[in-house]
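Engineer: Quick one: the structure is below, and I'll ask about it shortly.
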Amino acid sequence: MSREFRKDIRGRGASSNRANRFLSTHFEATEEDYDNYLLEEERSLLSTELIKDTSRTLVTKNSSPDVGFEYSINCYRGCEHGCAYCYARPTHEYLGYSAGLDFESKIHVKYEAPVLLREALLKKSWHGQILFMSGVTDCYQPIERKLKLTRQCLEVLSEFKNPVSIITKNALVSRDIDILQDMAQWNGCMVFLSITTLDADLARSLETRTSTPSAKLAALKALSDTGIPTGVNVAPVIPGLTDQEIPKILKAAKACGAQMAGFVPLRLPGAVLPVFEEWVRTHRPLRYDKIMSAVKDIREGKLNSAEFGDRMRGSGPRAEQIRNLFKLTTRTLGLNEKDIKLSSAYFKRPPQTGDQLSFGLDELVSLV
């Protein structure tokens with residue numbers, strides 16, 4: 001799509017479909033195409049397409065040393081939230097799609113996720129390890145409101161008393177308070193709301209289909225008020241755009257009952273970089289140089305770092321300033337004072353059909 005004649009697509013974070021690095025050919029509509037036969041075809045990119053995912057496993061083991069979880073689950077691949085900065089966009093290229101509009105409009109759905117999760121928890125090798133939801137794409141993205149696959153997975157986890165940690169940008173998580181509140185009774189869950197900005201106008205263009213900042217805070221309060229351990233993840237922190245909001249976000253989250261807090265600086269791996277650059281040129285053209293220069297400030301003069309450890313922290317004086325601001329604010333507000341840990345001690349496999357056949361000899365004699 002030509003940037004000159006089409007810069008903004010309503011309700012989407014990306015402005016175009018970037019070329020897939022794994023494919024040798026790529027089609028991009030021209031202005032002449034729009035004037036003729038491609039108009040309706042290209043408009044179809046605006047509608048979300050659900051595609052059945054045929055994966056036969058759900059639990060994924062993480063091998064990255066700088067990600068704070070070992071096992072994760074998700075019912076969806078691709079994310080309709082459409083955040084322009086989303087580090088997960090390149091994962092759609094492995095499916096043969098673009099990391100641009102395809103990532104947020106072609107959603108692979110694991111319709112059998114609850115069944116696959118049950119099968120995983122029934123394995124003798126599983127001992128109730130903590131599971132993480134939304135390690136890549138958001139488990140509470142808009143289609144979850146209709147499909148309720150994440151909710152069904154929570155019901156399975158509650159039945160097995162298997163702990164789960166959730167992070168989401170969608171207030172829809174408050175729908176499942178009934179399950180989460182029960183799980184909290186045995187230290188079985190914690191929920192983080194990811195908040196990038198409190199500026200509703202900025203959020204509307206930067207993370208188009210996430211919940212509004214006020215809705216996220218309301219969900220945080222609703223969860224906290226029922227005794228569910230909650231936290232806020234200030235992510236991503238975009239230098240030159242949202243870094244000055246760190247104290248305001250943390251203060252607002254604390255007022256809504258958050259006990260924990262974290263942050264992650266902006267990451268622009270692979271195809272995320274051109275998508276984000278295009279967003280800045282489209283929505284903040286006068287600040288383009290300032291924002292991209294600030295990003296380089298936390299990446300040693302580059303726009304991204306893929307090094308373990310550094311990619312999640314950033315480096316240099318500006319990155320250190322961000323860390324210090326976060327630490328000072330959390331200490332002042334009393335966040336992260338309590339070490340909240342989830343427990344696998346209550347994990348148990350529920351009775352299965354046929355279990356009654358495992359009676360010992362004494363039990364069988366007593367039944368005669």
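None of the figures in this text is laboratory data; all of them are computed from the coordinates on show. Predicted model only: the values in this text are computed from it and were never measured. In this analysis, Cβ positions are derived from the backbone assuming ideal geometry, glycine residues included, and neighbour counts consider all displayed protein chains.
Engineer: Based on the alpha carbons, how large is the Rg to Rh ratio for segment 80-128 when Rh follows Kirkwood?
Structural biologist: 1.17
Engineer: Enumerate the calculated ³J(HN,Hα) couplings along segment 338-349 in order (Karplus 6.51 cos²θ - 1.76 cosθ + 1.60, θ = phi - 60°), each rounded to whole Hz, writing x wherever the residue is Gly or Pro.
Structural biologist: Running phi through 6.51 cos²θ - 1.76 cosθ + 1.60 with θ = phi - 60° gives 9, 7, 8, 10, 7, 10, 9, 5, 9, 4, 8, 8 Hz.
Engineer: Return the long-range amide H neighbours of Thr242 (sequence gap of 5 or more, or a different chain), with a cut-off of under 5 Å between placed amide H atoms.
Structural biologist: The list, which skips near neighbours in sequence, is empty: none.
Engineer: When averaged across all projection directions, what area in nm² does the alpha-carbon convex hull of segment 31-340 cover?
Structural biologist: With every direction weighted equally, the projected area is 16.7 nm².
Engineer: Sort 49-58, 264-273 by the packing proxy (mean of other Cβ within 10 Å over each peptide's residues), most packed first.
Structural biologist: So the order, starting with the most tightly packed, is 264-273, 49-58.
Engineer: Give the separation of the Cα centroids, segment 290-340 to segment 137-161, in Å.
Structural biologist: For segment 290-340 versus segment 137-161, the Cα centre distance is 32 Å.
Engineer: Please rank His108, His127, His92, fewest neighbouring Cβ atoms within 10 Å first, as an exposure proxy.
Structural biologist: His127, His108, His92
Engineer: Here's a follow-up. In a shell of Cβ-Cβ distance under 9 Å around Thr48, excluding Thr48 itself, what net charge do Lys and Arg (+1) and Asp and Glu (-1) give?
Structural biologist: So the surrounding residues net to -2.
Engineer: If you don't mind, there's one more thing I want to ask. Per-residue counts of other Cβ atoms within 10 Å, averaged by peptide: what ranking do you get for 180-187, 236-243, highest first?
Structural biologist: My ranking of the peptides, most packed first, is 236-243, 180-187.
Engineer: Rg and Dmax of segment 230-283 over Cα atoms: what are they, in angstrom?
Structural biologist: Rg and Dmax of segment 230-283, Cα atoms, are 13.5, 37 Å.
Engineer: Can you list the residues, at least 5 places off or on another chain, whose amide H is less than 5 Å from the amide H of Glu300, using H built in the peptide plane?
Structural biologist: HN-HN under 5 Å from Glu300: Ser315.
Engineer: How many nm is it between the label spots at Gln352 and Lys123, if each spot is 7 Å from the Cα in line with the beta carbon?
Structural biologist: The answer from the label model is 1.3 nm.
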